[in-house]
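Before any comments, here is the structure.
All of the numbers you see were taken from the coordinates with simple rules; none came from a lab. In this text the structure is predicted, and so the values were computed from the model without any measurement. Because the Cβ atoms are built from the backbone with ideal geometry, glycine has one as well, and the counts that use them run over all protein chains shown.
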Amino acid sequence: MSAYPPILLVEDNPLDVDLTLRAFQRRKLANPILVARDGEEALAWIPRWEAGEAQPVVILLDLNMPRINGLTVLRTLKAHPVLRCIPIVILTTSSEDRDIQTAYDTGANSYIVKPVGFDNFMEVAQHIELYWCVLNELPQ
């Protein structure tokens, strides 16, 4: 078990999962990365966290997914009395104003439009790591 809390990546696109994992691996991120392939898999973590498994330091959440979409996952987590403190970063291809507004209205802590290309994604991974895993202070 890692001494560092995990990051949960909720993403249904295998190429985006691979890109994200490679970017964090290249950055030598100490936090383990957990992957949920859709909203249903993401919500399946809730009982495990309630049972005492390490909660993620941050959740990277795509909006457009099959079965259960990202906004439903966001609403569910932000309504949970314990888990609502977990920072949730929307990481999606949508730059639509209405998606951005809805995400923030629903409790998102940040909204990042997925960059095109590995180098640009490396920059995003660096910023996510620096802010959410190093600088941000979480309640105890």
> What is the dipole size for the chain, taken about its Cα centre, with +1 at each Lys and Arg Cβ and -1 at each Asp and Glu Cβ, in debye to the nearest 20?
Replying inline: 280 debye
>> Output wanted: per-residue J couplings in Hz (rounded whole) for the range 56-70, from phi through Karplus 6.51 cos²θ - 1.76 cosθ + 1.60, θ = phi - 60°, x for Gly and Pro.
In response: x, 6, 7, 10, 9, 10, 7, 8, 8, 9, x, 6, 10, 7, x
> At Ser95 and Glu50, where each label point lies 7 Å from the Cα along Cα→Cβ, what is the point-to-point distance in nanometres?
Replying inline: 4.0 nm
> For His127 and Ala30 in the same chain, what is the full-extension length gain: residue separation times 0.36 nm, less their Cα-Cα distance, in nm?
Replying inline: 33.5 nm
>> Taking the beta-carbon count within 10 Å as an exposure proxy, list Leu71, Leu21 from fewest neighbours to most.
In response: Leu21, Leu71
> What's the exposure ranking of Asp105, Asp12, going from fewest to most Cβ atoms within 10 Å?
Replying inline: Asp105, Asp12
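Can you put Met65, Met122 in order, fewest other beta carbons within 10 Å first?
Placing the least packed residue first, the sequence is Met122, Met65.
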> Amide H to amide H, which residues 5 or more places from Ala36 or on other chains are under 5 Å from it, using H placed in the peptide plane?
Replying inline: Leu9, Val10, Glu11
> Given H placed on each backbone N at 1.01 Å, which residues far from Ile90 in sequence or on other chains put an amide H within less than 5 Å of it?
Replying inline: Leu61, Asn109, Ser110, Tyr111, Ile112
